[in-house]
Amino acid sequence: MASLPAKAAEPRYAFAVISGVMKSAADEPAAQRLINAIGLDQRLSFVVYDGNLKGAHERCADALYDQRQQLLQASAVPLVAIPGQHDWADCGSAAGGNYDAAERLDFLRQTLFSDTRSLGRPALTLTRESDVARFRAFRENVRWVAEDTVFVGLNVVGGNNHYSDAGGRNGEFDDRAIASAFWLEHAAEYAKRRRAKALVVFIEADPNFSRYEEHTDRFPWLRFARHRQPDGYLEFKRSLVNAAQTFRGPVILIHHDAHPTAAGFIIDQPLYNDKGARVDNLTRIGIAPRDPATQWVVFDVNYGRPVPFRVSVRSVSKALPLPALPASPAAPTQAPSSGTNAPGPGTGIEPLPGIQYVMPAPPSPAGSAPAVAPPASTPSLPASEPPLLPDTFGAGPTQPASATPASPASAPPVPGGTLPPAEPNSVQGGGS
């Protein structure tokens with residue numbers, strides 16, 4: 001009797017996210033060491049630098065962009081860069097050099113975002129919005145595919161998305177908002193057509209979801225006395241609602257968060273539609289490590305598990321030397337001690353369906369990392385038993401479910417830089 005064909009293995013891969021690592025030239029050696037540490041993990045399909053490759057008080061000079069691009073190019077895994085507020089929107093300030101912000105954005109489009117391939121080696125093929133004739137200028141908006149997941153990166157930045165209160169047409173903002181909305185909703189259609197299992201969206205800004213309901217009032221003229229600045233993220237949030245309605249699978253929004261947390265990230269479901277109903281297939285994950293220079297967030301994806309997405313924080317090994325770069329090196333920040341803790345009040349995590357997470361241990365009193373310790377009542381868990389979340393991703397109530405764990409996942413990453421055995425990974429570019 002002929003044997004039955006073996007069932008194909010479910011896709012499994014991992015990717016890393018870092019953001020806001022470099023604020024001055026003194027941060028470059030530590031940033032290089034961080035990228036080197038990430039490159040040691042052979043399971044990673046790619047890494048995303050989620051905005052702000054420079055600090056708010058650095059001049060937006062051509063030479064600085066060239067230096068930072070070369071640093072990112074040295075990544076041993078494909079690296080996708082997402083624009084941030086300090087990268088171009090703040091360049092009109094005195095500290096930024098009094099440049100024209102729109103001109104600096106165009107410069108980045110011609111340099112950092114000029115190629116159809118990612119940074120790093122080997123490179124990852126990207127689909128850029130500039131392939132669409134109507135949006136030829138918007139090279140920074142990208143899309144790619146890893147296994148059964150569609151990824152999209154958008155130029156939505158902090159500082160109210162570079163919205164201007166000056167009179168007349170807000171040309172740069174308006175054109176970019178239209179382009180971002182199109183690319184996001186197009187990505188949702190693309191994910192739907194190819195029957196993707198998830199849609200992951202990267203932006204740098206925290207889009208301030210608490211303000212969205214202000215615009216859903218039936219009688220907005222009753223709010224005339226508030227005199228609040230218009231919401232520069234309104235169109236993006238509307239497009240996010242539309243995208244989640246088009247693609248009914250899990251939609252994950254990942255962005256930079258400027259407020260470090262004990263967990264290293266925040267997870268919640270903050271988006272509501274115009275009828276006041278929660279968008280239950282959208283999850284927001286804010287990247288907020290205690291020390292961005294020594295920590296990165298890893299997403300382990302395996303659709304064969306009841307809990308397909310696992311989120312954890314890793315730290316640079318203390319044994320990894322600080323590379324010698326032309327910049328004046330700052331004293332390295334010590335990585336936190338190893339261990340895992342269950343999330344609790346004050347950690348910035350709301351338990352959600354379908355995501356498993358591993359929290360790093362609090363730093364020792366002598367450490368130089370910011371002291372953001374979890375509550376004293378938080379119980380300690382063995383490293384082999386990370387806390388699990390309910391096993392239905394992106395749907396259902398957001399309250400904690402029963403304590404019955406999902407099916408066992410692979411061993412969690414070990415904090416402190418120790419990496420698990422290498423596993424094959426596969427990444428392909430997304431077609432139009």
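The values are calculated or read from the model by the stated rules, or taken from the named source; none is laboratory data. Predicted, not measured: the structure shown is a model, and the values here were computed from it. Here the Cβ is made from the backbone with ideal geometry for all residues, glycine too, and neighbour counts use every protein chain on show.
Observations, loosely collected:
- Residue satisfying condition, being part of a helix (DSSP H, G or I), among the aromatic types (Phe, Trp, Tyr), at pLDDT 95 or above and in contact with a helix residue (DSSP H, G or I) (Cβ under 9 Å, 6 or more places away or on another chain), within set 138, 107, 151, 113: 107
- Among the candidates 274, 291, the residue that is touching a residue at least 12 places away in the same chain (Cβ under 8 Å), charged (D, E, K, R), assigned to a loop (DSSP other than H, G, I, E, B) and touching a Pro at 6+ places or on another chain (Cβ under 9 Å) is uniquely 291.
- Of the residues making up region 257-271, just one is within 12 Å of the chain's Cα centre (by Cα) and acidic (Asp, Glu), namely 257.
- Condition check for residue 77: in a loop (DSSP other than H, G, I, E, B), crowded, with 17+ Cβ neighbours inside 10 Å and of a type in the set (Val, Ile, Thr): yes
- Residue match in region 292-302 (condition: of a type in the set (D, E, K, R), buried (at least 17 other Cβ atoms within 10 Å of the Cβ), within 23 Å of residue 201 (Cα to Cα) and at pLDDT below 95): no
- For residue 57, the stated conditions do not hold, so it cannot be described as outside any loop (DSSP other than H, G, I, E, B) and out of contact with any Phe, Trp or Tyr (no Cβ under 9 Å at 6 or more places or on another chain).
- When region 187-206 is filtered for residues that are over 14 Å from the mean Cα position of the chain (by Cα) and either in contact (Cβ under 8 Å) with a residue 40 or more places away in the chain or assigned to a loop (DSSP other than H, G, I, E, B) (or both), the ones remaining, listed by number, are 187, 188, 189, 190, 191, 192, 194, 195, 196, 197, 198.
- Residue among 21, 17, 47 that alone is in contact (Cβ under 8 Å) with a residue 40 or more places away in the chain, under 16 Å from the mean Cα position of the chain (by Cα) and in a loop (DSSP other than H, G, I, E, B): 21
- Qualifying position, being out of contact with any helix residue (DSSP H, G or I) (no Cβ under 7 Å at 6 or more places or on another chain), loosely packed, with under 15 Cβ neighbours inside 10 Å and either in contact (Cβ under 8 Å) with a residue 60 or more places away in the chain or assigned to a helix (DSSP H, G or I) (or both), among 27, 66, 41: 66
- Selection of region 133-159 for residues being touching a residue at least 60 places away in the same chain (Cβ under 8 Å), under 25 Å from residue 89 (Cβ atoms) and surrounded by fewer than 21 Cβ atoms within 10 Å (Cβ to Cβ) yields only 159.
- The numbered conditions (1) modelled with pLDDT of 95 or more; (2) assigned to a loop (DSSP other than H, G, I, E, B); (3) surrounded by fewer than 21 Cβ atoms within 10 Å (Cβ to Cβ) are all true for residue 102 except (2).
- In region 207-221, the qualifying residues are those that are within 22 Å of residue 255 (Cα to Cα) and not in a helix (DSSP H, G or I), and the one that is modelled with the highest pLDDT is 207.
- Test result for residue 119, surrounded by 14 or more Cβ atoms within 10 Å (Cβ to Cβ), over 24 Å from residue 181 (Cβ atoms), touching a helix residue (DSSP H, G or I) at 6+ places or on another chain (Cβ under 9 Å) and not acidic (Asp, Glu): yes
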